[in-house]
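Reading through the structure tokens given below for one structure.
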Amino acid sequence: MKGGDSKTYEVIIIGGGPAGMTAGLYTTRSRFQTLLLEGALFGGQMTTTDLIENYPGFPQGVSGSELSRLMEEQAKRFGLEIANQEVMEVKLEGEMKRVRTYESAYLCEALIICTGTEYRKIGVPGEKELTGKGVSFCSTCDGPFFQDRKIVVVGGGDSALTEALYLTKFAQEVTIIHRRDALRATKIYQERAFANPKIKFLWNSVVEEIKGDDVVGSLMVKNVKTGEVKEFETEGAFIFIGISPKTQFLKGLVQMDEAGYIITNANCETSVKGIFAAGDCRKQLLRQITTAVGDGSTAAFAVEKYLEGKE
Ligand SMILES: Cc1cc2nc3c(=O)[nH]c(=O)nc-3n(C[C@H](O)[C@H](O)[C@H](O)COP(=O)(O)OP(=O)(O)OC[C@H]3O[C@@H](n4cnc5c(N)ncnc54)[C@H](O)[C@@H]3O)c2cc1C
């Protein structure tokens, strides 16, 4: 599409998770013409979990898909336009931003990036099917469901160990499955993990399959030294082999840290004027729905100030 054909918006939001939908709710209530572009499922990561217990306002918890449906309905009420398109490129044209998707191209005065992160998957049979049914990528979210259960943590880095230690608050036993015979994690975490009587280790081992009908029941685990494959019974598998922000397509546009998280100030402003980042894709301490929602509103308010300042 040529430059002159592109539809122009005051605000474009990339990503329809809680950060993006909250940002859209705020910008449209402030009467800014806003387009939200979502490349996959509206609702983002929360759609992958059955029960959210730590989002305020739902004393009995709420399913991720229901919370997502409610957020989408609320955002649309004030005129948020939504398109199911994945963004592949963002370029600056003076003070305007050109946003290209696989189908189309748009121009905007202010851009809010809410693209979240993705958990690295092991990529074995059963992993996708049983996510939210015993397979988890979030111990803060799902740990309390595993009270007195025997579970596993897959990984050997800092996040695997800190999450395993956290999970011992709930689980009866946590087995760390690691593909090497030594951990990568910082020494202090290793010391704490070795000293914790609830933590066991399965060294030189990789998960080849996650089995279960409705929920996780066992794993097929291969010893990489001997080649032997054994069935390991467990009720939960927490996978911490790393996460990465979905920001690759923005490399060179805004400042990021070495892992690709977008660096912002407290107002969610990036290194480029008129480009904001909110939620899990930005460098910050905690990545949850509450923090994403908080960021979405902050970024939208900062956009409002930015657009008013241009008048
Ligand atoms: C299994 C699981 C359970 C969880 N449980 C809880 C819980 O109980 N409580 C809690 O607080 N948190 C939970 N979390 C974490 C929570 O879901 C995230 O912190 C939150 O969703 C982050 O919101 P976000 O809007 O920043 O990003 P996301 O939810 O990741 O949304 C980003 C969106 O951007 C889209 N996108 C990415 N790139 C592009 C592109 N180029 N073009 C267009 N669209 C794009 C993605 O498709 C996605 O929909 C859980 C996470 C997982 C995986």
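Worth pointing out:
- Annotation note: Cβ proximity below 6 Å between a residue of region 103-121 that is under 15 Å from residue 87 (Cα atoms) and open to solvent by 20 Å² or more (accessible area, probe 1.4 Å) and a residue that is small (Gly, Ala, Ser) and near the ligand (Cβ under 9 Å from one of its atoms) (sequence gap 6+ or interchain) occurs for 115/15.
- Matching strands (runs of 3 or more DSSP E) fully within region 197-311 where at least 1 residues are touching a residue at least 24 places away in the same chain (Cβ under 8 Å) and more than 24 Å from the chain's Cα centre (by Cα): 199-202, 205-211, 218-223, 229-233
- Residues that are within 14 Å of the ligand (Cβ to nearest atom) and modelled with pLDDT of 90 or more were ranked within region 138-165; the one that is nearest to residue 187 (Cα to Cα) is 143.
- Subset of region 1-53 that is part of a strand (DSSP E or B) and of a type in the set (D, E, K, R) - its residue that is most open to solvent (accessible area, probe 1.4 Å): 7
- In region 83-95, the residues that are in a strand (DSSP E or B) and within 11 Å of the ligand (Cβ to nearest atom): 83, 87, 88, 89, 90
- Residue match in region 8-25 (condition: over 26 Å from residue 117 (Cβ atoms) and either within 6 Å of the ligand (Cβ to nearest atom) or at pLDDT 95 or above (or both)): yes
- In this entry, residue 35 is excluded by the filter for residues that are touching a helix residue (DSSP H, G or I) at 6+ places or on another chain (Cβ under 7 Å), more than 9 Å from the ligand (Cβ to nearest atom) and hydrophobic (A, V, I, L, M, F, W, C).
Results for (1) at pLDDT 95 or above; (2) farther than 28 Å from residue 130 by Cβ; (3) among the hydrophobic types (A, V, I, L, M, F, W, C); (4) surrounded by fewer than 16 Cβ atoms within 10 Å (Cβ to Cβ), shown as yes or no for each residue.
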{"residue": "202", "(1), (2), (3), (4)": "yes, no, yes, no"}
{"residue": "224", "(1), (2), (3), (4)": "yes, no, yes, yes"}
{"residue": "228", "(1), (2), (3), (4)": "yes, no, no, yes"}
{"residue": "231", "(1), (2), (3), (4)": "yes, no, no, yes"}
{"residue": "240", "(1), (2), (3), (4)": "no, no, yes, no"}
{"residue": "259", "(1), (2), (3), (4)": "no, no, yes, yes"}
{"residue": "302", "(1), (2), (3), (4)": "yes, yes, yes, no"}
{"residue": "310", "(1), (2), (3), (4)": "no, yes, no, yes"}
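The values are calculated or read from the model by the stated rules, or taken from the named source; none is laboratory data. Here the structure is a predicted model, which is why all the values come from computation and not from measurement. Glycine also receives a Cβ, built like all others from the backbone with ideal geometry; neighbour counts cover every protein chain displayed. SASA here: full protein model, heavy atoms, side chains in, ligands and nucleic acids out. Shrake-Rupley method; radii C 1.70, N 1.55, O 1.52, S 1.80 Å.
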